[in-house]
Amino acid sequence: MAETLLVIACGLASYLWRGLGVLLSGRINTASPVFSWVACVAYAMIAGLTVRLVVMPGGTLAHAALADRLIACAVAFVVYFALTRRNLFFGIGSGFVALIALTALRTGG
Amino acid sequence: MKFSTGFCRGVREAMGVPTAVLAAGYIGYGAIAADMKFPVLVAMLSTAAIWALPGQIILMEMSGVGAPALVIVLAVMFSAMRFLPMTVTLMPILRGAQRGRLREYFAAHLIAMTGWAIVMRRGPELPQAERLSFFTGLAITGWVVSIAATGAGFFIADSLPLLARIGFVFLSPLYFAIVLLADLRERMMAMALVFGAICGPVIHAFNPQWSVLAGGLIGGTLAFALRRTGRRHG
């Protein structure tokens with residue numbers, strides 16, 4: 001129950017900006033510094049979370065070796081940026097396969 | 001029931017790579033929810049109600065480390081603030097001659113990165129009257145598929161051996177890592193990325209509950225301030 005309420009509160013917190021956007025559309029300048037700052041904070045937040053999830057994850061992901069997680073990321077970057085001309089599906093897919101393969105090799109399973 | 005041309009066109013546009021990528025991201029999200037012992041229906045509700053993968057991962061991770069509810073909501077709110085400029089720029093494209101206000105507010109809930117990027121590009125080519133339905137058809141397809149994918153990811157992760165589960169919970173971090181790097185255009189954003197990448201994990205080592213919000217605020221503000229003073233003086 002507490003989780004449901006939390007999810008609903010987070011949903012409202014997200015919709016707030018979408019609804020405000022409809023209301024303010026045509027009336028505010030999106031090139032203003034406030035929006036640059038907000039973009040910076042959001043970017044930094046997600047970057048921090050992503051690095052943390054890869055470098056020091058909790059839960060299931062902690063069972064994979066740090067080196068394997070980093071190599072899998074590198075594989076995904078190479079496939080996305082260099083090999084498939086930015087196909088997100090193949091990029092994610094290759095990282096997924098790489099991590100499973102590396103972990104299987106390491107654990108001998 | 002009969003759908004308009006624009007709506008059907010939107011649904012067709014959604015089928016393919018954009019929805020496949022969304023599905024992969026949300027299967028990963030469902031797997032994380034299972035990992036965090038979040039009830040499956042609440043996880044699916046979060047996809048329906050928040051409809052933004054970064055905000056949802058923030059919700060999962062912060063609940064996982066037992067952050068106070070208010071801090072979680074604040075962090076999610078910050079991560080969703082990008083929807084304001086996105087909606088402000090999208091609405092003039094979607095708006096027809098007659099203003100269906102209610103439909104606009106409904107469509108606004110469906111705005112997220114994938115649909116926004118497609119309509120910003122494709123929208124202006126379409127007849128004005130079809131655009132709002134086109135966007136609705138496009139976005140609602142991704143939304144429904146993602147809600148289903150959340151449930152699927154949950155049960156996949158719950159029933160598979162550890163090795164496969166590791167791969168599935170890795171999908172979301174991978175997705176963000178690629179999208180963040182692919183999206184880098186300005187120096188300010190690159191600095192935000194670097195500072196955030198340092199601040200988040202460092203703060204996490206001391207205070208996991210505040211790390212996402214504090215890391216973002218500190219790292220992002222630092223990048224913003226440095227870039228602005230840098231510009232002013234040179």
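Here are a few things to note about the model shown:
- Within the range B:70-99, if we keep just the residues that are part of a helix (DSSP H, G or I) and of a type in the set (Gly, Ala, Ser), the residue that is surrounded by the fewest Cβ atoms within 10 Å (Cβ to Cβ) turns out to be B:Ala80.
- Total residues in the range B:52-74, condition facing another protein chain (nearest Cβ under 7 Å) and of a type in the set (A, V, I, L, M, F, W, C): 7
- Among the residues of the range B:159-170, those that are hydrophobic (A, V, I, L, M, F, W, C) and surrounded by fewer than 24 Cβ atoms within 10 Å (Cβ to Cβ) comprise B:Leu160, B:Leu162, B:Leu163, B:Ala164.
- Considering the range A:1-10, the residues that are loosely packed, with under 15 Cβ neighbours inside 10 Å and assigned to a helix (DSSP H, G or I) include one that is nearest to the other protein chains (Cβ to nearest Cβ), namely A:Thr4.
- Scanning the range B:214-227 for residues that are in contact (Cβ under 8 Å) with a residue 24 or more places away in the chain and either more than 7 Å from chain A (Cβ to nearest Cβ) or in contact with a His (Cβ under 8 Å, 6 or more places away or on another chain) (or both), we see that the one that is nearest to A:Thr50 (Cα to Cα) is B:Leu222.
- Tally, over the range A:11-33, of residues that are assigned to a helix (DSSP H, G or I) and either closer than 16 Å to B:Ile111 by Cβ or in contact (Cβ under 8 Å) with a residue 60 or more places away in the chain (or both): 14
- Pairs where the first residue, in the range B:66-93, is free of Cβ contacts under 8 Å to residues at least 60 places away in the same chain and the second is of a type in the set (Lys, Arg) and surrounded by 18 or more Cβ atoms within 10 Å (Cβ to Cβ), C-beta under 6 Å, 6+ apart: B:Phe83/A:Arg18; B:Thr87/A:Arg18
- When the range B:182-204 is filtered for residues that are under 21 Å from B:Gly28 (Cβ atoms), within 7 Å of chain A (Cβ to nearest Cβ) and modelled with pLDDT under 90, only B:Ala182 remains.
- Test: residue in the range A:72-93 that is surrounded by fewer than 24 Cβ atoms within 10 Å (Cβ to Cβ), under 25 Å from B:Met36 (Cα atoms) and touching a residue at least 24 places away in the same chain (Cβ under 8 Å): no
- Qualifying residue in the range B:140-153 (condition: out of contact with any Lys or Arg (no Cβ under 8 Å at 6 or more places or on another chain), polar (S, T, N, Q), without any contact (Cβ under 8 Å) to a residue 24 or more places away in the chain and in a helix (DSSP H, G or I)): no
- Among (1) buried (at least 21 other Cβ atoms within 10 Å of the Cβ); (2) in a helix (DSSP H, G or I), the one test that B:Ala67 misses: (2)
- Scanning the range B:146-199 for residues that are under 20 Å from the mean Cα position of the chain (by Cα), under 13 Å from A:Leu61 (Cα atoms) and of a type outside the set (Val, Ile, Thr) yields B:Phe168, B:Phe170, B:Leu171, B:Ser172, B:Pro173, B:Leu174.
The values are calculated or read from the model by the stated rules, or taken from the named source; none is laboratory data. Since we're looking at a predicted model, the values are computed, not measured. Ideal geometry is used to build each Cβ from the backbone, glycine not excepted, and the neighbour counts take in all protein chains shown.
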